[in-house]
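The values are calculated or read from the model by the stated rules, or taken from the named source; none is laboratory data. Here the structure is a predicted model, which means the values were calculated and not measured. Here the Cβ positions follow ideal geometry from the backbone for every residue, glycine too, while neighbour counts run over all protein chains shown.
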Amino acid sequence: MSALMAVQRLGRIPAAFFLALSLVNSFVFSAVDRLGTWPAALPEGLLALDIVDKIQVDPNTTARFSTDFGGHSQAAPAAVLYPSSPDDIATLVRFAYSSSPSSFSIAAHGHGHSIRGQALVPGGVVVDMASLGRGRSDRINVSSDWYVDAGGEQLWIDVLRETLEHGLSPRSWTDYLYLTVGGTLSNAGISGQAFRHGPQISNVYELDVITGKGDTITCSREENSDLFYGVLGGLGQFGIITRARIALEPAPQRVRWLRLFYTDFSSFTGDQELLVSMTEKVFDYVEGQLLTEKDVGNSSFFSDNDTEKIKMLAAEYGGIYFVEGGVYYGPATASMVDRKLESLLKRLSFVPGFAFTKDVAYISFLNRVQEEETHSTAPEDVLHPWLNMFVPKSRIRDFEMGVFKGILKKNNPIGLVLIYPFNKNKWDDKMSAAIPDEEVFYTIGLLPSATVDDWKYLDSQNDEILRFCHQEGIDFKQYLPHYTTQTDWKNHFGLKWDAFVQLKRRYDPQALLSPGQRIFTSSP
Ligand code: FAD
């Protein structure tokens, strides 16, 4: 290089540098103008990223992401990112990861249907997952190879509608469909089909995940399998799911929907256990509920006459149970439904005259909670101090005596109480979700609605139930778990804990992701 050229080049470098610096400055200042006061908790370097126009810090926006469906937890983020692509999320996480020691926490916000602040991120950045899919029709893609690729932000109701267009349907569901794919896969995703197909996490082939380092990784049972198994049931600790490949089956057209009543807990659970153990395919869906007299009448399933009849039964026994079943069928199998049901019902021990049926379209059945909700007059500001547990079959009778006939008895009405069994062999033990170590275990969902004043006693009732189980040595697991100490988390994950910590070190070493779960408060 000649001396003249070298001097020319040296002269150009400072000019380009100052031009770039002034561009960055003017970008930063215009972003500050738009955003208003920049939160002290966040590094100003964020303002120089090309996602800055998708970030909001104004109090009205952050307030909207400060609570959840539970309604009791409150914690405002410093900012909200409205991503228009997974790359926007990766940019944010990469920046946070590289900003150490002034990095900040990040949480994907699915539909905010957590109960205990699990999707909150005090002083950090919430990622509004919904905006990934806003105005786009390419985030749910059905393949003729019996799977659907769905964005992590997609609601299950939208996945259902899209797959039905192709005559197909996912196999495993949640009761309520206005939950996100990423949100339920971070827990397990359970409903009455899980006894046969396993939870939703057992029905996933592949995931795209943005890790806590900002890397985008595709994973499956064959590729990056540690991340795949870790993320499923992983409570958002290892990465943000931006795509899930979900197994499909041919969609049935209709569902024969049954409710069979019991006055005796052992007959109720005995029949449920029979139904989930049958190799012959009659029921495709099995759930169950406890009803007190005061809780009868909240469902549009029953006619007024039937409601009165059930109320009298509940009044006489103080609390009754019903098995809820669903038989799926289409034109080819319609003629067999009655015959199969008739012979099966003969083997069951429900109270004679207390079997009620309905026949509905498949989509109405799956969307039943939403359709019932429109009949509800519940105000929007009710709180939900819910408790969900998995209880081993061998201790379900002790649970009944201590909880249903003991602790809950004094607090009539008790709201919705779900009770139904799963087969452990339909769960994959390599996944993060924690379940009891028994071949059949029950899910118990205590799902009351509460006023602000009720919260305290319902919350302490939940504590009493958990204390009772500990005292009695019932080896339960919380579902949608809520713990505040790492010792409790360690006990929750049991033998899976060490692997969980290793995965955290590998994929989110600065513990940036989903701090609302309160598992890691510092780097693992
Ligand atoms: P959020 O509450 O927004 O997030 C939950 C957690 O997952 C947070 O830690 C969040 O950071 C993380 N997260 C969210 N999105 C992602 C993502 N894409 N990648 C990684 N992490 C993510 N559950 C069942 O299994 N079966 C049911 O039948 C059922 N019914 C319900 C009915 C109602 C009315 C409600 C309120 C909840 C119900 N749930 C049920 C619980 C539900 O599965 C959880 O609340 C779950 O968190 C899904 O909610 P969400 O999509 O709003 O996620």
Number of the exception - L179 against (1) among the hydrophobic types (A, V, I, L, M, F, W, C); (2) within 9 Å of the ligand (Cβ to nearest atom); (3) over 15 Å from A119 (Cβ atoms): (3)
All helices (runs of 4 or more DSSP H) inside region 421-524 with 1 or more residues being within 30 Å of S267 (Cβ to Cβ): 452-471
Residue among I217, I201, I241 that alone is aliphatic (A, V, I, L, M), over 20 Å from the mean Cα position of the chain (by Cα) and either assigned to a strand (DSSP E or B) or surrounded by 23 or more Cβ atoms within 10 Å (Cβ to Cβ) (or both): I217
Leading residue by the ranking (farthest from the ligand (Cβ to nearest atom)) among those in region 221-232 that are outside any helix (DSSP H, G or I) and surrounded by fewer than 24 Cβ atoms within 10 Å (Cβ to Cβ): E222
Elements of type strands (runs of 3 or more DSSP E) contained in region 113-191, each with 1 or more residues being within 19 Å of Y328 (Cα to Cα) and out of contact with any Cys (no Cβ under 9 Å at 6 or more places or on another chain): 168-170
Filtered residue count, region 275-287, keeping only those that are buried (at least 16 other Cβ atoms within 10 Å of the Cβ) and assigned to a helix (DSSP H, G or I): 2
Among the residues listed as L513, L458, the single one being more than 13 Å from the ligand (Cβ to nearest atom) and buried (at least 20 other Cβ atoms within 10 Å of the Cβ): L458
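Okay, residues lined up against (1) more than 23 Å from D128 (Cβ to Cβ); (2) touching a helix residue (DSSP H, G or I) at 6+ places or on another chain (Cβ under 6 Å); (3) more than 8 Å from the ligand (Cβ to nearest atom):
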position	(1), (2), (3)
W146	yes, no, yes
S186	no, no, no
Y205	yes, no, yes
T216	no, yes, yes
C219	yes, yes, yes
R243	no, no, yes
Entirely in region 298-415, the strands (runs of 3 or more DSSP E) that have 3 or more residues that are among the β-branched types (V, I, T) and touching a residue at least 24 places away in the same chain (Cβ under 8 Å): 320-329
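Which one of Q154, Q193 is touching a residue at least 12 places away in the same chain (Cβ under 8 Å), within 12 Å of the ligand (Cβ to nearest atom) and more than 30 Å from H72 (Cβ to Cβ)?
Q193
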Count of region 101-130 residues which are among the small types (G, A, S), over 15 Å from G212 (Cα atoms) and within 11 Å of the ligand (Cβ to nearest atom): 6
Any hit, region 101-114, residues being under 21 Å from G71 (Cβ atoms) and surrounded by fewer than 19 Cβ atoms within 10 Å (Cβ to Cβ): no
Test: residue in region 252-273 that is closer than 30 Å to A130 by Cα and assigned to a loop (DSSP other than H, G, I, E, B): yes
In region 159-176, the residues that are more than 6 Å from the ligand (Cβ to nearest atom) and among the charged types (D, E, K, R): R161, E162, E165, R171
Hits in region 312-324 (condition: over 13 Å from Y262 (Cβ atoms) and either modelled with pLDDT of 95 or more or of a type in the set (A, V, I, L, M, F, W, C) (or both)): M312, A315
Residue list for region 415-430, restricted to those being buried (at least 22 other Cβ atoms within 10 Å of the Cβ) and touching a Lys or Arg at 6+ places or on another chain (Cβ under 9 Å): P421
Number of the exception - Q253 against (1) closer than 27 Å to L416 by Cα; (2) surrounded by fewer than 19 Cβ atoms within 10 Å (Cβ to Cβ); (3) modelled with pLDDT of 95 or more: (1)
